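The values are calculated or read from the model by the stated rules, or taken from the named source; none is laboratory data. Note that this is a predicted model, so its numbers are computed, not measured. In this analysis, Cβ positions are derived from the backbone assuming ideal geometry, glycine residues included, and neighbour counts consider all displayed protein chains. Calculation scope for accessible area: heavy atoms of the full protein, side chains included, ligands and nucleic acids excluded. Shrake-Rupley method; radii C 1.70, N 1.55, O 1.52, S 1.80 Å.
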Amino acid sequence: MAPLRPGDARQAYALVRLAYPQVALRDWLAFARRAARQSPRRGGLVALRDARGYVHALFSYQVAVDLEGGPVLTLANLIVGRLPGPLLDDAVQTAADGLARSLGCRSIVVSVAENGPAEEMAAFARRGFSPLARRLLERPAAPTRDEAQQC
């Protein structure tokens, strides 16, 4: 596990394209640059590589404070290549555990895409994760006054 630096983001793009074919290289590189500008204590991107340096999994993370005042590690944009067996899923979860410990987080929340592979949910369930919510709601943000006047 290591932070994904902007200079290494191009190498991870093949994995990103497998999960998000609609994301253009320039958009991915911009996302990676924004993530790298954060303090690593607050958020960033993490890549899991093999011995040859190939990226097999990545995720973004944010540290937030919940209502009880404790730090919570939230993983999102999880992309895991598919290999036979649980090795890669275990590596992602081991990386998340280590990151949470190093940041002093008392819990880990994982945002899994609704249309994501069922294997992701099963892999996290095997490691003691349980669903927090049945649905998240999303809509585009309200247009700014200038954008609304252009219509």
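Quick look at the numbers
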read-out: Search result, residues across region 57-67 that are surrounded by fewer than 20 Cβ atoms within 10 Å (Cβ to Cβ) and among the hydrophobic types (A, V, I, L, M, F, W, C); value: Ala64, Val65, Leu67
read-out: Whichever residue in region 1-34 is aliphatic (A, V, I, L, M) and out of contact with any strand residue (DSSP E or B) (no Cβ under 7 Å at 6 or more places or on another chain) and, among such residues, is least open to solvent (accessible area, probe 1.4 Å); value: Ala9
read-out: Neighbours by Cβ (under 6 Å, 6+ apart or cross-chain): first from region 19-45, polar (S, T, N, Q); second outside any helix (DSSP H, G or I); value: Gln38/Gly44
read-out: Residue ID - most open to solvent (accessible area, probe 1.4 Å), chosen from residues in region 35-56 that are basic (Lys, Arg) and within 15 Å of Gly7 (Cβ to Cβ); value: Arg37
read-out: Selection within region 43-58 - out of contact with any His (no Cβ under 9 Å at 6 or more places or on another chain) and within 30 Å of Pro71 (Cβ to Cβ); value: Gly43, Gly44, Leu45, Val46, Val55, His56, Ala57, Leu58
read-out: Leading residue by the ranking (modelled with the lowest pLDDT) among those in region 25-54 that are within 19 Å of Gly81 (Cα to Cα) and aliphatic (A, V, I, L, M); value: Ala51
read-out: Gln62, sole failed condition from (1) without any contact (Cβ under 8 Å) to a residue 24 or more places away in the chain; (2) outside any strand (DSSP E or B); value: (2)
